[in-house]
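Just so it is clear, none of the values below were taken in a lab; they were calculated from the coordinates. On a predicted model such as this, the values are computed, not experimentally measured, just so you know. We place every Cβ from the backbone using ideal geometry, glycine too, and count neighbours over all the protein chains shown.
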Amino acid sequence: MPSAPDDLFERFFPEPSGHEPLEPGEGSISREEAEKWLAEGGKKRVCGQILLHAASRGMSGVRMSPVGRDVVIEGRSGAGPVRLLSFPLRFRRPLFDAFIELAGVPGGSELPPETVFHLESETGVVALQASFLRGLSGPEVIVKILPDLRAGISLDSVGFNPGQLDITEKVLRKGNGLFLVSSPGPEGVATTLFSMLREGYRPGLRTITVEERHRFRNEGYIQLDRRQAEERFSGDWSRLAESLEPDILMIEHLPDPAALADLLHLAQAGTLVLCGIRRFNFDRALRTLLTLDVDQFILAHVMRLVLHQRLVKLLCMECRRQVPARPSLRMVGERYRAELERIVADASFYLPSGCLKCDGTGYSGRMALIEMIPFTPGVQNIVASEGTLDEKLSRLMEEDLYSAAQSVQDMLRRGMVTYEDVAPFFR
Ligand SMILES: [Zn+2]
């Protein structure tokens, strides 16, 4: 069954390789109509649909360039270029600008740098890399479709293990509450938050995202830039909520964790809130949450899930080199010690090297490792209890921790990661 972009495309220019569009048949859009659509401000949408269409057909990229008195958008496929759409030359600049806007490049620069961005459709997420060039006969755009993300990002492709996936889907189905995603750096957070958002989203829900930079475009969401949103609402999330009344609010990065108190109250009032914070490890993320200046009973019953994720680099298996030295387990927490001692006794340890296959980096790809605690009744009791912070923390870790330790230990045994890169999981 054709997806929405295919549909649009069939109606647009039904003939894939010809130089002229076919006679407009029943339900198809004539060139005049297409022009009218562009003229009415649908340029960005048209460009987005073209890219999604090309990706869905397995093309490797799209090029927009002037040809004679037309501006032509062609797709690149194994069999050579395929003309997708053409417009009168006067649309060249508006289309060029539409691609710039679509890629999320800040305005002002005449020829923006190469930019990676993502587009989201109902079937998944496509990663793209746009180059803006000045050709001999005018501006050109070349968009490469990056293969890695073509299959789409969903919860199970982010790095959740099956148990984590199951419980995350279950709590997201409640459709409200606060979900916290902590990580030591910015990488990978948006991906996880967006995959959770997709799981919690239902058509008709008013969805606001506050992002560091726009990457995952979705027609169904209202997508804001964090700095602009902070200026407009003086950094006050309740004011944002009062004006925009979101059913779902996703904030990629909350610079001031004290503002989590406001977000808890929003969630208490019924909004589904997904929020990213930067913390070094899971323990720090939990401490931040448990020391918030809020009623612990509200905290216990409005929080749904707190997770920490860390991206680890995967060693290039072609060139990794074995090291005889055994890692020191001095910093390892008691709960992990026995298993790690076994690993240290049996397994080999590796360091990155560098070869042609990995461009000399020694690494080949990254993977998110996730630890989480869902707010089950047992967890709620502990959080709302009278204990000290440290008592609560140690009880929480025993109650319902969905640890990354198992995956990390497997990767260590197989020599896929350096010990140094995964050591923070064992503190
Ligand atoms: Zn290598």
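Over the Cα atoms of the chain, what Rg and Dmax result, in angstrom?
Gyration radius and largest Cα-Cα distance of the chain: 24.8, 77 Å.
For ARG90 and LEU111, FRET efficiency with R0 = 25 Å and r from the beta-carbon atoms, rounded to 0.05?
So the FRET efficiency works out to roughly 0.75.
Starting at 0 and stepping by 5 Å, how many percent of the alpha carbon pairs of region 345-417 end up in each bin?
It works out to 3, 13, 16, 14, 11, 11, 9, 9, 7, 4, 2, 0, in whole percents.
Within 10 Å of each residue's Cβ, count the other Cβ atoms and sort LEU274, LEU311, LEU289 from fewest upward.
Going from sparsest to densest Cβ surroundings: LEU311, LEU289, LEU274.
Given points 7 Å out from each Cα along the Cα-Cβ axis, report the ALA261 to ALA325 separation in nanometres with one decimal.
Once both label points are built, they end up 4.6 nm from each other.
In debye to the nearest 20, how big a dipole does the chain give about its Cα centre with +1 on each Lys and Arg Cβ and -1 on each Asp and Glu Cβ?
Here the size comes out at about 1120 debye.
Only sites in a loop by DSSP and with at most 14 other Cβ atoms within 10 Å count here; which GluC sites (Glu not before Pro) in region 379-427 make the cut?
GLU386
Just to be sure I understand: with springs between alpha-carbon atoms less than 10 Å apart, which residue in ALA269, ALA368, ALA190 has the highest mean-square fluctuation in the Gaussian network model of the chain?
Maximum fluctuation in the GNM of the chain, among the listed residues, is at ALA269.
Kindly put CYS47, CYS355, CYS319 in sequence by how many other C-beta atoms sit within 10 Å of each C-beta, fewest to most.
Least crowded to most crowded, the residues run CYS355, CYS319, CYS47.
Using a simple charge model, +1 on the beta-carbon of Lys and Arg, -1 on the beta-carbon of Asp and Glu, nothing else, what dipole does region 350-416 show about its Cα centre, in debye to the nearest 20?
Dipole of region 350-416, to the nearest 20 debye: 500 debye.
Of all the C-alpha pairs in region 301-365, what % are more than 13 Å from each other?
Above the 13 Å cut-off, region 301-365 has 73 percent of its Cα pairs.
For a footprinting-style exposure proxy, rank VAL82, VAL116, VAL332 by other Cβ within 10 Å, fewest first.
Fewest-to-most ranking of VAL82, VAL116, VAL332: VAL116, VAL82, VAL332.
Check which residues have an amide H placed less than 5 Å from THR209's amide H, if you skip close sequence neighbours.
Result for THR209 returns ILE222, GLN223, LEU224, MET250.
Kindly provide the helix-only [θ] at 222 nm of the chain, computed as the sum of -39,500 (n - 2.57) over DSSP H runs of four or more divided by all residues, to the nearest 500 deg cm²/dmol?
It lands at -10000 deg cm²/dmol.
How much of the DSSP bridge set in the chain is antiparallel, in percent, rounded to the nearest 5?
For the chain, the DSSP antiparallel bridge percentage is about 65.
Going by a 4.7 Å Cβ-Cβ cut-off, which cysteines of the chain have no partner at all?
Within the chain, the cysteines lacking a partner Cβ under 4.7 Å are CYS47, CYS275.
Filter the DSSP H helices in the chain by two things, a Kyte-Doolittle mean of at least 1.6 and an axial alpha-carbon span of 18 angstrom or more, and list the hits by number.
Result, helices passing both filters: zero.
Quick one: dipole size for region 295-427, taken about the Cα centre, charges +1 on Lys/Arg Cβ and -1 on Asp/Glu Cβ, in debye to the nearest 20.
Roughly 640 debye for region 295-427.
Could you point to the residue in PHE375, ALA261, GLY75 farthest towards the positive end of the chain's charge dipole, with +1 and -1 charges on the Cβ of Lys/Arg and Asp/Glu respectively?
The residue sitting most towards the positive pole is GLY75.
List the pairs from LYS144/LYS357; LYS43/LYS357; LYS44/LYS357; LYS44/LYS313 whose alpha-carbon separation is above 29 Å, in the order I gave them.
Those over the limit are LYS43/LYS357; LYS44/LYS357; LYS44/LYS313.
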